[in-house]
Amino acid sequence: MLFSAFIFGLVGSFHCVGMCGPIAFLLPVDRENNLKKSFQIFLYHFGRLFAYGIIGLV
């Protein structure tokens, strides 16, 4: 069962790279201010994980 979970995770990561990767690269972040850029990227990932968590909970 653990091996199956590993394989499903590995296969699912290709989906994420192909679909979510380009979206992440197109984020409108402030490239001049590193602190603001880090905060904007943090908000993106927090929102993404929060939404996936809510979907999983439902």
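The values are calculated or read from the model by the stated rules, or taken from the named source; none is laboratory data. Every value quoted in this text rests on a predicted model; they were computed, and no experiment measured them. Neighbour counts are summed over all protein chains in view; Cβ atoms, including those assigned to glycine, are modelled from backbone coordinates with ideal geometry. Calculation scope for accessible area: heavy atoms of the full protein, side chains included, ligands and nucleic acids excluded. Shrake-Rupley method; radii C 1.70, N 1.55, O 1.52, S 1.80 Å.
Worth a mention:
- Within the stretch 1-50, the set of residues being among the β-branched types (Val, Ile, Thr), modelled with pLDDT under 85 and within 12 Å of the chain's Cα centre (by Cα) comprises Val17, Ile23.
- Meets criteria (without any contact (Cβ under 8 Å) to a residue 60 or more places away in the chain and open to solvent by 100 Å² or more (accessible area, probe 1.4 Å)) for Leu26: yes
- Close pairs from the stretch 29-58: first open to solvent by less than 100 Å² (accessible area, probe 1.4 Å), partner of a type in the set (A, V, I, L, M, F, W, C), Cβ under 6 Å, at least 6 apart: Lys37/Val29; Gln40/Val29; Tyr44/Leu27
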